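Enquirer: So that we are looking at the same thing, I have put the structure below in structure tokens.
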Amino acid sequence: MQVLSHRGHWLEASEKNSAAAFRRSFAGGFGTETDIRDCAGRLVIAHDPPSGNEIELADFLRLHGEYRPALPLALNIKADGLQSRLREQCKGLASGSFFFFDMSVPDMMSYVRESLPVFTRHSDVEEVPVLYDEAIGVWLDDFGGNWLSPSVIGQHLSAGKQVCIVSPELHGRSHQAFWRHLAASPVSQEDRVMLCTDFPREACKLFNERGWEGGPEP
């Protein structure tokens, strides 16, 4: 299993989507999930509507390349119509090291037409993933807390998809019981499975026998 930090490996909430959080994530050997919007003609890293002081996507990608360019990037698209600029800015990334997700369905169709790597969504409220055949993977979410299971993950793996699991703490729930259940399943040993979490070190210690790689922290 590959571990992705959620908005970087932040230690305080104020560090989310910051350069410090991304450096810490990449130095520790974790991929990351982050959010992309446009602001005054620039592509920036921002979960909420941007104020103008955000990190630019180009700077984020340079930082990723300086550390470990093979680490996976889950790029959450928060605005429509960014495909052409994203294609240009991401053209230097290694194939298979990144994917786009969470855009609107009409916008996702444009990503597919342009052969950009996309993940579709599957959750307890999105029972039928859209554009499933065209997507390279599935973003697995669980809003109710009782839906997601190793068997659901296994079904997508059997269909040839990559899978990224949203860890329960991202919805304000405890993650320990779900993690233990997941760790006991063979799907946790699959390289095509990712876990997006606020606790990347803890996840790596549980799911990866080598534990956290212990890189330097800025």
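Enquirer: Applying the Karplus parametrisation 6.51 cos²θ - 1.76 cosθ + 1.60 with θ = phi - 60° to the phi angles of the stretch 3-9, what ³J(HN,Hα) value in whole Hz is obtained for each residue in order, glycine and proline being reported as x?
Expert: Working through the residues one at a time gives 9, 10, 6, 8, 6, x, 8 Hz.
Enquirer: Using a Gaussian network model of the chain with C-alpha springs under 10 Å, which one of Ser115, Ser167, Ser123 is most mobile by mean-square fluctuation?
Expert: Checking each option, the largest mean-square fluctuation is seen for Ser115.
Enquirer: Taking H as built 1.01 Å from N, whose amide H comes closer than 5 Å to the amide H of Ser167, not counting residues under 5 places away?
Expert: Placed amide hydrogens put Cys196 under 5 Å from Ser167.
Enquirer: What is the sum of charges, Lys and Arg at +1 and Asp and Glu at -1, for the other residues whose Cβ falls under 11 Å from the Cβ of Val112?
Expert: With Lys, Arg at +1 and Asp, Glu at -1, the neighbours total -3.
Enquirer: Any chance you could count the Lys pairs in the stretch 2-207 whose alpha carbons are under 24 Å apart, treating pairs 8 or more apart or on different chains as valid?
Expert: Eligible lysine pairs with Cα atoms under 24 Å apart amount to 5.
Enquirer: If Lys and Arg each add +1 and Asp and Glu each add -1, what is the summed charge of the other residues whose beta carbon sits under 12 Å from the beta carbon of Asn146?
Expert: My count for the surroundings of Asn146 gives -1.
Enquirer: How large is the charge dipole for the chain, taken about the Cα centre, if only the Cβ atoms of Lys, Arg (+1) and Asp, Glu (-1) carry charge, to the nearest 20 debye?
Expert: Dipole magnitude for the chain comes out near 460 debye.
Enquirer: Let me ask you something else. Which whole-percent values make up P(r) of the stretch 2-207 when all C-alpha to C-alpha distances are grouped in 10 Å steps starting at zero?
Expert: All Cα pairs considered, the percentages come to 8, 36, 39, 16, 1.
Every number in this text was worked out from the coordinates using simple rules, so none of it is lab data. Note that this is a predicted model, so its numbers are computed, not measured. Here Cβ is always computed from backbone atoms with ideal geometry, including for glycine, and neighbour counts include all displayed protein chains.
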